[in-house]
Amino acid sequence: MKPILQVEHLSKDYSGFSLQDVSFSLPGGAIMGFVGENGAGKTTTIKLILNLVAKKSGSIQLFGMDHIEKEREVKDQIGVVLDESRFHNNLTADEVALILKNCYSNWDQPVFERYCKRFNLPKQKKIKEFSKGMTMKLSLAAALSHHPKLLILDEATSGLDPIVREEVLDVFLEFIQDEEHSIFFSSHITSDLEKIADYITFIHEGKIVFSKSKEELLEEYGVLHCNREAFEKLDKKQIVGYRKNEFGFDVLITGRLHFAAVHPELVIDPANIEEVMTYYVRGEVR
């Protein structure tokens, strides 16, 4: 089975920033978390996938089709939710549906009605009167109501309260129960990704640091807590980054399970996604 989303050697130049040789692959029935610091290239990558900006080089395939040559067919199968609503503030939910039914060949009004009911969205109220959570729920209802195979989410849960976020994450998990569905989810809320993501792709300064399964990531990395003497004896090849504190050193290392077996006397904790990002971006390199 071909990947739902395949990005290969993607590059884009801006003044002061370059996206360089970005490659990753998203299979069907999976959620990929796309993480990185602000300005790392997450939104640029999404814009390139959606053909909102022109790439310098590389290729993007969705559902086995080139994203430019088959743009209409591709976009008919994608649902997009961004961090800000792209609907005019003077529209109502009913008016949004009237517009979108002319945009998508598979628009399903009963599905849209069910999501509006599920999300308690007032259909006659103008969007400018919606809360942040209501606006995002409307975007999600619209994105899901034409039977997409891929959801592309750019900070879709940013700024939502925990209860609304949990509700939205449940919808995402329901969506990928069909193995022909996938989600590409850019988010800085790494706790959300740890709950639902199958794969994590980490971009830093326009380059992909890694793209791997969440289980592999959490098994591979660990945070070692040690004094200077122990730190000086470490194999620098295993050190991703470190941070000095008043008690000694906190060190992000690779090969956690092997390291723990070789050094049972040292304290090493599993690293979460946020810690991996922090040490790559802000940790010192030996």
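Tabulated data
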| read-out | value |
| --- | --- |
| Using alpha-carbon coordinates, inclination of helix 132-144 to the longest axis of the chain, degrees | 70 degrees |
| Top of GLU113, GLU166, GLU174 by mean-square fluctuation, Gaussian network on the chain, Cα under 10 Å | GLU174 |
| Nonlocal amide H pairs with HIS204, under 5 Å, H built at 1.01 Å | VAL209 |
| Percent of beta bridges antiparallel (DSSP, the chain, rounded to nearest 5) | 70 percent |
| In degrees, nearest ten, helix 162-175 long axis to first principal axis of the chain (Cα) | 80 degrees |
| Highest-fluctuation residue, LEU217, LEU150, LEU266 considered, GNM on the chain with Cα pairs under 10 Å | LEU266 |
| Reciprocal mean inverse distance between Cα atoms of region 1-93 - Kirkwood radius, Å | 14.6 Å |
| Net charge of Cβ neighbours under 14 Å - reference GLU167; Lys, Arg +1; Asp, Glu -1 | +1 |
| Note, ³J(HN,Hα) from phi for region 46-60, Karplus 6.51, -1.76, 1.60, rounded to Hz, x at Gly and Pro | 5, 4, 5, 4, 7, 6, 8, 9, 8, 7, 7, 7, x, 9, 10 |
| Degrees separating the helix 273-282 axis from the principal Cα axis of the chain, which is the longest one | 70 degrees |
| Once the Cα gyration tensor of the chain is diagonalised, semi-axes √(5λ) in Å | 39, 21, 17 |
| Pairs from LYS42/LYS123; LYS101/LYS125; LYS56/LYS101; LYS2/LYS212; LYS56/LYS214; LYS12/LYS42 whose Cα-Cα separation, in the structure shown, is over 23 Å | LYS42/LYS123; LYS56/LYS101; LYS56/LYS214 |
| Under 22 Å from LYS236, Cα to Cα: lysines that are on another chain or at least 8 residues apart | LYS244 |
| Euclidean distance of C-alpha centroids, region 229-286 and region 149-187, integer Å | 32 Å |
| Karplus-derived 3J(HN,Hα), 6.51/-1.76/1.60, for each residue of region 260-271, Hz, glycine and proline x | 5, 5, 7, 10, x, 7, 9, 8, 9, 9, x, 9 |
| Derived scalar couplings ³J(HN,Hα) [region 88-105; Karplus, 6.51 cos²θ - 1.76 cosθ + 1.60; whole Hz; x for Gly, Pro] | 5, 5, 8, 7, 9, 4, 4, 6, 4, 5, 4, 6, 6, 5, 8, 9, 10, 5 |
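Since every read-out is calculated from the coordinates, none of them should be taken as a lab result. Since this is a predicted model, take the numbers as computed values, not measurements. Every residue, glycine as well, gets a Cβ built from its backbone with ideal geometry; the counts of neighbours run over all protein chains shown.
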